[in-house]
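Okay, structure first, notes after.
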Amino acid sequence: MTGSTRTPLNAKQATEVVADPWRVVADRLVAGYRTGSMVRGLEFVTRIVDAAEEANHHPDVDLRYGSVHLALTTHSAHQLTEADVALANRITGIAAEMAVEKLVGPVTAIELAIDAVDIGAIRPFWQAVLGYSDGNDRELAELADPTGRLPSVWFQQMDEARPQRNRIHFDLCLPHDEVHERLQAAITAGGQLLSDEFAPAWWILADPEGNEICLCTWQERD
């Protein structure tokens, strides 16, 4: 991967060329690093900012007391590109130079899905009550937190109302090579696998009272 071109990449292509600990989750490259202190984290972020300015491509950065969390996507293209991989690999190099270790823990993203017969009727309510803005061009029904901190919301079209069934569920986006472990853990904890019809794109699970969650990966979505 050379330069910082914005040539589009699908999730599989990005996964094959990005360095550890970066993972494709939903439509982003994400990584976390354990810094141990705010001062060390700020030093790390400063190096990242310098590299981002040089590349004219910038990550989302969450600086916490003992860790730094990063996400990359090419907003202008609404997808991953070579520029994201190039900067992610540069950040991996910076972490190695500073002896900053990757963060051990789950790398996930969560979305809220709402089933609706008339999406146009309920969408304004959810946009107003959450204070969200319109999502990107690829998901016309999506609502997004303008600060980029809270889960996005999307609407799933129903043919007819389904009483006695929850109509709001979570979509938990996971790295493709971690989803089976999480799936088994959820079942062991009392969950039920409702459907694997759409696997490996997503599996539908429910808790003991029937509340649903989908475990999602990037696979078979491109």
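The values are calculated or read from the model by the stated rules, or taken from the named source; none is laboratory data. Remember, predicted model here, so these are calculated numbers, not experimental data. So basically every Cβ, Gly included, is an ideal-geometry build from the backbone, and we count neighbours across all protein chains shown. The area values use the complete protein model at the heavy-atom level, side chains included, leaving out ligands, DNA and RNA. Shrake-Rupley method; radii C 1.70, N 1.55, O 1.52, S 1.80 Å.
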Discussion item. Treating only the Cβ of Lys, Arg, Asp and Glu as charged (+1, +1, -1, -1), what charge dipole size does the stretch 112-216 show about its Cα centre? Round to the nearest 20 debye.
Written reply: 280 debye
Item to complete: Before anything else, pin down the relative contact order of the chain: Cα pairs under 8 Å, at least 6 apart, normalised by residue count, whole percent.
Response: 20 percent
Worksheet item: Which whole-angstrom value gives the distance between the alpha carbon centres of the stretch 6-82 and the stretch 145-185?
Response: 24 Å
Item to complete: May I ask you to derive the relative contact order of the stretch 112-216, considering only C-alpha pairs under 8 Å and at least 6 residues apart, and to give it as an integer percent?
Response: 24 percent
Item to complete: Could you tell me the accessible area of ASP134 in Å² (1.4 Å probe, neighbours in place), rounded to the nearest ten?
Response: 100 Å²
Item to complete: Give the relative contact order (percent, whole number) for the stretch 11-102; include only Cα pairs under 8 Å separated by 6+ residues.
Response: 37 percent
Discussion item. If you roll a 1.4 angstrom probe over the protein chains with everything in place, what fraction of the accessible area of the stretch 109-222 belongs to carbon and sulfur, to the nearest %?
Written reply: 52 percent
Worksheet item: To the nearest 10 degrees, how steep is helix 179-188 against the longest Cα principal axis of the chain, on a 0 to 90 scale?
Response: 50 degrees
Worksheet item: Which value, in debye to the nearest 20, gives the size of the charge dipole of the chain about its Cα centre, when Lys and Arg are +1 and Asp and Glu are -1 at the Cβ?
Response: 500 debye
Item to complete: May I ask for the longest run of the chain untouched by chymotrypsin sites (Phe, Trp or Tyr not before Pro) that are loop-located per DSSP and have at most 16 neighbouring C-beta atoms (other than their own) within 10 Å?
Response: 66-197
Item to complete: Subtract the Cα-Cα distance of HIS58 and GLU16 from 0.36 nm times their separation in residues, and report this length gain in nm to one decimal.
Response: 13.0 nm
Fill in: Among VAL45, VAL107, VAL17, residue whose mean-square fluctuation peaks in a GNM of the chain (springs only between Cα atoms under 10 Å)
VAL17
Discussion item. To check you understand DSSP bridge types, tell me what percent of the beta bridges within the chain (both residues inside) are antiparallel, rounded to 5.
Written reply: 75 percent
Discussion item. Test of understanding: in a Gaussian network model of the chain with alpha carbons linked when under 10 Å, which of GLU209, GLU142, GLU82 would top the mean-square fluctuation ranking?
Written reply: GLU209
Discussion item. Using Cα springs under 10 Å in a Gaussian network model of the chain, which residue among ILE204, ILE187, ILE91 shows the largest mean-square fluctuation?
Written reply: ILE187
